[in-house]
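Here is the structure we will look at, set down as structure tokens.
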Amino acid sequence: MIEFEEALSIVLSGVTTTGSERADFADALNRVLAEDLCSDVDMPPFDKAAMDGYACRRNDLDGELEVIEVLAAGDIPSRDIAEGQCSKIMTGAMVPRGADTVIMIEQCRETGEGKIRFAARKTMSNIATKGEDVKKGDVICRAGTLILPRHIAMLAASGSTRPLLAKQPRVGILSTGDELVEPGEVPGPGKIRNSNGIQLAAQSRAAGCIPNYMGIVPDDAKATELAIGQALATNDLVLISGGVSMGDFDFVPGIMKKNNVDILFQKVAVKPGRPTVFGKSGTTPIFGLPGNPVSSYINFETFVKPLIYKMMGHDYHPLELKIPMGVSFKRKKADRLEFLPVIVNSQGEAVPARYHGSAHIHAISLSVGLMCIPKGILNIEKGELADVRPL
Ligand code: AMP
Ligand code: MG
């Protein structure tokens, strides 16, 4: 049995990256950028009014101002501002030459036909100056960035409509178990629905991969061998759930070896997910994940996701928040690192979810994070800070 950190470093060593391709920026969400992107424009591209108001000279604010034109966003000013003059201007419109200030409409009163007066204390200039946010040629997104909704607007504004992206790993997913039926069926006696297949596919998709669900494999050595061989031949990464523990029908590790998989670890000091198997067939990584759905879910988050991102050139570090415990927590054994589903209560405190163990997917579905309890720690008192990874 090896420690979690050692297992993770094995998973993350000697990783083969997937290469890159150009794609439409509208399809870039949750994918990894493979080039530095530069802006082809200044942001803002011109001195721009930040308020609806009047563009004028700051020195003229004490006197009456003559309104010489009205500027909407998108207009080009036709007149420069001279002493005692102003142009009515809308937010986002180009500030006319000669003006150094935009006074807010709410702070002015009309004093006659086409005349206004500033009726407040002098404020800021209310002008966003050309290039103050981003200069033309500046890098706006680095290679390796995971593109989230908050990056998409930068791609759009900088004209990066065909970014170079890491190719998406194709993830082959197999579910082993004679007891499994597909979710659309009603399970007969002794059977359960295959929830891991769709779960691992969803996790793969959310991590920017192309999931390739390859079906249920019966607990039969020959069928398992065939399925693993096929999965290795047609995917960049393979995930098999079930069949990795000590039962009479847990063929997976043996069959992996038969398929020329070099097994790199087979047991990890982590809860849940002790019997996690990891190996490589050539450069193709393959995981044998425990069948219990919470185990396979958490193992994906802790082992598979960092690998997937590394294959795409993204240096992934899960966010870990320090959150005060809302209750005291105690466990019987401290021989393993443990990930426990938690909720966050209305006071913003971490509270372990009602959880019966690694088959209890309902607990995960109601949780918002995983609390990490280090090896050697038996108790965490109410009020102490717990390490929580948001899910
Ligand atoms: P195993 O790792 O094959 O020994 O399975 C451990 C437990 O997880 C057993 O209770 C299985 O019925 C259950 N299990 C295995 N595969 C799946 C799956 N694909 N979906 C839901 N539960 C599963
Ligand atoms: Mg099984």
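Things worth noting here:
- Hey, A353 more than 25 Å from the chain's Cα centre (by Cα) and closer than 23 Å to S296 by Cα or not: no
- Taken over the stretch 40-68, the criterion of being free of Cβ contacts under 8 Å to residues at least 60 places away in the same chain and over 30 Å from V134 (Cα atoms) is satisfied by D60, D62, G63, E64, L65, E66, V67, I68.
- The set of residues from the stretch 153-177 being assigned to a strand (DSSP E or B) and within 16 Å of ligand 1 (Cβ to nearest atom) comprises V171, G172, I173, L174, S175, T176.
- Test for I373: is it out of contact with any Asp or Glu (no Cβ under 8 Å at 6 or more places or on another chain) and among the β-branched types (V, I, T): no
- Among the conditions (1) assigned by TED's automatic domain parsing to the domain that holds K257; (2) in a helix (DSSP H, G or I), R150 misses just one, which is (1).
- Some residue of the stretch 214-221 being within 13 Å of F287 (Cβ to Cβ), open to solvent by less than 70 Å² (accessible area, probe 1.4 Å) and within 14 Å of ligand 1 (Cβ to nearest atom): no
- Qualifying residue in the stretch 248-258 (condition: touching a residue at least 60 places away in the same chain (Cβ under 8 Å) and closer than 18 Å to A359 by Cα): no
- Flag if P45 is in a loop (DSSP other than H, G, I, E, B) and within 38 Å of the chain's Cα centre (by Cα): yes
- Which listed residue, of A233, A207, A202, is among the aliphatic types (A, V, I, L, M), open to solvent by 10 Å² or more (accessible area, probe 1.4 Å) and within 30 Å of L37 (Cβ to Cβ): A202
- Where strands (runs of 3 or more DSSP E) sit wholly within the stretch 53-121, those with at least 3 residues that are loosely packed, with under 13 Cβ neighbours inside 10 Å occupy 108-112.
- Among the residues of the stretch 280-308, the ones that are outside any strand (DSSP E or B), open to solvent by 10 Å² or more (accessible area, probe 1.4 Å) and more than 16 Å from ligand 2 (Cβ to nearest atom) come to 6 in all.
- Residues that are closer than 25 Å to A207 by Cβ and either open to solvent by 70 Å² or more (accessible area, probe 1.4 Å) or modelled with pLDDT under 95 (or both) within the stretch 373-391 comprise just one, L391.
- Listed by first and then second residue, the pairs linking a residue in the stretch 173-199 that is not assigned by TED's automatic domain parsing to the domain that holds D250 to a residue that is near ligand 1 (Cβ under 7 Å from one of its atoms) and open to solvent by 80 Å² or more (accessible area, probe 1.4 Å), with Cβ atoms under 9 Å apart and 6 or more places separating them unless they lie on different chains, form an empty list.
- Hits in the stretch 122-147 - residues which are in a loop (DSSP other than H, G, I, E, B), open to solvent by less than 40 Å² (accessible area, probe 1.4 Å) and among the hydrophobic types (A, V, I, L, M, F, W, C): I147
- Unmet requirement for E320, which otherwise passes all of (1) surrounded by fewer than 17 Cβ atoms within 10 Å (Cβ to Cβ); (2) touching a residue at least 40 places away in the same chain (Cβ under 8 Å); (3) among the charged types (D, E, K, R); (4) more than 29 Å from T16 (Cα to Cα): (4)
- Number of positions in the stretch 222-245 that are part of a loop (DSSP other than H, G, I, E, B) and among the β-branched types (V, I, T): 1
- The condition of being open to solvent by 60 Å² or more (accessible area, probe 1.4 Å) and touching a helix residue (DSSP H, G or I) at 6+ places or on another chain (Cβ under 8 Å) holds for only one of L226, L264, that being L264.
- The listed residue being under 22 Å from A359 (Cα atoms) and away from ligand 1 (no atom under 16 Å from the Cβ), out of A233, A269: A269
- Of all residues in the stretch 363-387 being assigned to a loop (DSSP other than H, G, I, E, B) and in contact (Cβ under 8 Å) with a residue 60 or more places away in the chain, the one that is farthest from E320 (Cα to Cα): K375
The values are calculated or read from the model by the stated rules, or taken from the named source; none is laboratory data. Just so we're clear, the structure is a prediction, and the values are computed from it rather than from any experiment. Heads up, the Cβs are rebuilt from the backbone with ideal geometry, glycines too, and the neighbour counts pull from every protein chain shown. These area figures cover heavy atoms from the full protein model, side chains too; ligands, DNA and RNA do not enter into them. Shrake-Rupley method; radii C 1.70, N 1.55, O 1.52, S 1.80 Å.
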